[in-house]
Structure formats: C-alpha cells, structure tokens
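Remarks on the structure that follows.
Every number here is computed from the coordinates shown, using simple stated rules; none is lab data. Keep in mind that what you see is a predicted model, and the values were worked out from it rather than measured. Note that we place each Cβ from the backbone using ideal geometry, even for glycine, and neighbour counts take in every protein chain shown.
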C-alpha cells in the first residue's frame, strides 16, 4: 500500500509515479514475458534504468517536449518501457492497434504529426513503414527487434538494442526533468468517430491518475490487501488495458505478466496465478461455454453439481443470501466444483473486471455461482477510460455498471444521456475543435449513451445514442465508414453493417439494380430481384465485392457474411430518413433475426 505522501491522488504525473514506485521496490519483479518457453523477469530497478536510457536516447535524437511518437507493438515489456520513456522524454505517446491498415497508420501519423515511431517487429513494420514513408513528419522508426528491411526510404531505421547501448540514462536526472503536471497531455489514443475517421483523444496525466485513484479505492477497501499480480492480454493500445492493465499495476506496485496470446491464455492463467484480470465480456462467454462442455463430459454427478451451483447462485443473487437449509449443499459446492474452477483460474484470483462492452447478466450470474467475482464497469476513452464499476462490498447488480468511481460526477440529461464530469474527462480531441465542442459542454462529457441511476446509485445503461458498434471484445467500429466503402462497389447500392456485442461484423446489402440486371442477362437469368435472391451464384458475386472491401479493412472492420435485402431502403418504407440516412432501428426490426442467424 502507498504511503500517505504519494498516491494516484497526489502524484504530479505518470512518470513520477513510475520512478517513485521503482525506487521503493528496487530488485523486486515488475514485468514478466515468455521467451524460449520460460518466463523472464524485468525488475523495477532494471525497468527504471531502461526507461531513463531510452528517454535520454529519444532526447538525443531530437524528440522532446510535446512531440508525438507512435507506438505499434503487441503486449510485451518493451511496450511499457517505450510508453514511459516517451513520456519521460517530455513527448506524447500515440498508441496504435497492431491490426491497423496502412491507411489507418497514415491517418494517425499525419493527424498527430508524429516525429517518430516505435514498432516491435518486421511483420508490423511491413504495414507501418509504407505509411511512414508517405507521412510528412515521421523521420525515424525504432525497431524493438531487428527489422531486416532491405532499405530505408524516407525515414531512418534504428535498432532498439543499438540505441540503448549508445546511451546511458541517469535515472535521477531523467526523473527530475519530467516536470509535467497533471493537466499536461500524456497520450493521444485514437478511437473511431461516427464519421469514420478515428479521432485522437487527448488524455492528460491527471485523467489517468484520477482513474487510478478510483480503482485503488475499490481494491484497497473492498478486497484483502496484498501484492497484486496482473495478466495482460487485451491490446495495450486500447485505453482500457493502457490504464487498467499497465498503469494501475504500476500504481499498486504490482507485477505484470504478458500473455502469449488468446490461444494460450488458459495455460498462462494457471501458470501466473493472477490476482486481478482486466477482461472483456467475450472472454467470459467463451469460458462459460468451455466450462459447461467440460463439466458435461465428466458425467451426471458433475452436471448435477453445476446445476445446483447455478440454482444457489441465482437464489443468492436475487435474495442477497441463502437460507440456512442451503448451507450444507453450498459448503459441498465450495469444496468441489467451485474449488476446481478457482484452481483453473490460478487459485488467487480476487476479481475479473469486465469492461469495453456490455456484459450479459446471465454470464455474470454463472461465474458468481461458481465463486468467481466478476465486476462489470463502464467507461469511454474520453474518460481515461473508467467511469464506474460494481463493488463487492455493495450488492452486485449484473444489469448495472456500478456506481461512479471516487471523484467522478455523473448525471442524466433531460433526454436520458449519461453525462460525466471530473479530472478523468479529456481536454478534447486532437486538432478537432468541432467534435470537442460537440461532446464537451460546460465541463460535462456527453457520452452518447442513454441510461439512468437507480436508487442505490448504480448506473444502468439502457441504449446507445450514438451509432458506434462495440464488438464483444470492446473494439469500436464506425459503421458509416465500412458502409460507405461497401456502397462504393458497383455491385452494392446500399448497406448496413451489424455486430454490436458480437465477435465480428455481418451486413445487409441492397444490390445495385443496374448491375443486377446486367449480371442476370450475362448469366441467363431473369432480372427479377426476388428471383435473383435465391440464386447462389448471385450471392457469390456480391460476396466478391464484399471481399474487395475487406481487403482494405482492419480485422475488426471486416464483414464476414451478408444477406440481401428484400427491397431498397427508402423514405416510403421508413428505412431511410428524409436526409437519406438509414434508420438502423427499423432495419434491425425487419432483418434482425436473419442477421442474427449469420452468427450461427
């Protein structure tokens, strides 16, 4: 636990927080990553030296106060070192997704005006470098691993190891030079806007520190105190993992293990035995399916215990406790099925905190019944990002996202929109005053979400005011961007993509009537749209058009399957507004079942 002098409420910036924690912990383990089958550790002291050295090297290469540096990497210790070093150098980190396309990278490079980029490996560099070469300001790229590029073209390629070897960082001097205040910008995190082009959210040091103070308040008051261990697997380029999976562990003086990937996550959990995990709801849905199937294979006794655990779990959730007559069975379940489930999760897990996308209450009740504390939170990148979270000491409400964090104000506007105020709120979007003015009014962040606050102070989200699709992993996708690209194809007149809370996107398309008539004539069919819908070759021709678009999209934007609409979207059938915008809620009512069937 922190001393009274320095906490997330009082640290002036994230760099000072890190160096303060490193000076206290010295040779204790901080970061862990697998290499050649074994976990390798970086101590706090080693991390501090690396941060100071890289910050010194960046300064020597002309990167300083206010400069932007793009960071493209999978989760690994160097991500954390680079992020802190960029800030320690006085610069601003611009994290980007490893799934970005060249066009995405170019937009971020140009919009941010980044002077440099740090990339982890040759695979990611292959997509990044063409954008770097086309950008106007980025003139140097640092590779964490040797990039093995044939030749540089328009930017200097620098090897991380060589750069670190050429400089010696003085920790005390770098720490003293990190004079940023809480109101100064720490990073620009790009998130999709309704118009499609990603907007850069300007997160200041105080915004993230305010988040950390609120999270500390929950951990220190609602859980047994002890040394925490985090397993990081969500992308660090996402605000949720950036704050919750990196800076929160630093604030707590915790250890961070970097997962080897989703396919090895279960094994990594058993190996590392985390106490806290920052997760997205999709993980719970997958785990629930796997657990249920595994228990079914164990025979009738195991299935009976699962059924009893779920029955008692629902009773406990709905009534706030169990009658004494259920206590013996509950104790038996604690010693059998719940003990086994907790063991598969490492045996030390205090809580899994779900955010980034809505959690199905039934999934929450399932895990609570098996003895796993699952806390649903709510946030936005514009709020650094955590706004609220369920708390164990209060009654967990699976349909809610909990009460606001400490020092966070939430109120409901007359139209039901959730408004947020506090140090956690961004100062604005990078070079986008129009969007900034739209969402920031009189100090309140207009979230675009509709909801209410219940009698116990919990926020309940009931609808989305905005059109952004949030998939089941918490990634934001701007539907208009994808739809616009689809309708640029000669085969497609109109389109709507669909996939909120889902693993990927699917779509509804209206074929272009002229193209359809030409296709029918060329392939010996009548041009009747109703008949064309039943021809597999017609669907394959449309799929080719969708594939052309998918080749230009990032992984989370790709449209996996489509159905053909019964008719064009028009004002007359109420599927189009007078201003020629599609009415999503009407289309979902008409085609919802058919679109849902595409996920089966």
Bins of 5 Å, starting at 0 and running to the largest distance - Cα pair percent for the stretch 14-180: 2, 9, 19, 21, 20, 14, 9, 4, 1
Quick one: order 453, 295 by neighbouring beta-carbon count within 10 Å, fewest to most. 453, 295
Expressed to one decimal in nm², the mean projection of the alpha carbon convex hull of the stretch 478-597 is 7.4
Label zone at residue 540 (point 7 Å along Cα-to-Cβ), backbone N below 19 Å, the stretch 474-497: 491-492
Using 7 Å Cα-to-Cβ label points, what is the residue 123/residue 518 separation (nm, one decimal)? 4.0
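Normalised by the number of residues in the stretch 19-111, what is the relative contact order in percent for Cα pairs under 8 Å and 6+ residues apart? Before the final figure, lay out each step's value.
Values: 116 pairs, mean separation 22.1, N = 93.
Here the relative contact order equals 24 percent.
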What relative contact order, as a whole-number percentage, does the chain give when Cα pairs under 8 Å and 6 or more residues apart are counted? 11
Which of (i) 27.7, 90; (ii) 31.7, 105; (iii) 25.4, 81 gives Rg and Dmax of the Cα atoms in Å as computed here? It is (iii)
When DSSP assigns beta bridges and you keep just the ones with both residues in the chain, what percent turn out antiparallel, to the nearest 5? 50
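Under Stokes-Einstein, with the Kirkwood radius over Cα pairs standing in for Rh, what whole-number D in µm²/s applies to the stretch 370-410 at 10 °C and 1.306 mPa s?
Numbers: Rh = 10.8 Å.
For these conditions, the coefficient is 147 µm²/s.
So if each residue of separation counts as 0.36 nm, and I subtract the Cα-Cα distance between residue 270 and residue 560, what length gain in nm does that give? Could you put the intermediate results ahead of the total?
Values: separation 290, 0.36 × 290 = 104.40 nm, distance 3.33 nm.
The span from residue 270 to residue 560 would gain 101.1 nm if fully extended.
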Bridge type composition, the stretch 14-180 - antiparallel percent by DSSP, nearest 5: 25
Alpha carbon centre of the stretch 43-89 versus the stretch 96-149: separation in Å? 16
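With each run of n ≥ 4 DSSP H residues scored as -39500 (n - 2.57), what mean residue ellipticity at 222 nm is computed for the chain after dividing by its residue count and rounding to the nearest 500 deg cm²/dmol? Please report the intermediate quantities before stating the final value.
On the way: 21 runs with 229 residues, N = 600.
For the chain, the value works out to -11500 deg cm²/dmol.
If we count other beta carbons within 10 Å of each Cβ, what is the order of 594, 540, fewest first?
Details: 594 14, 540 9.
Least to most surrounded, the residues fall as 540, 594.
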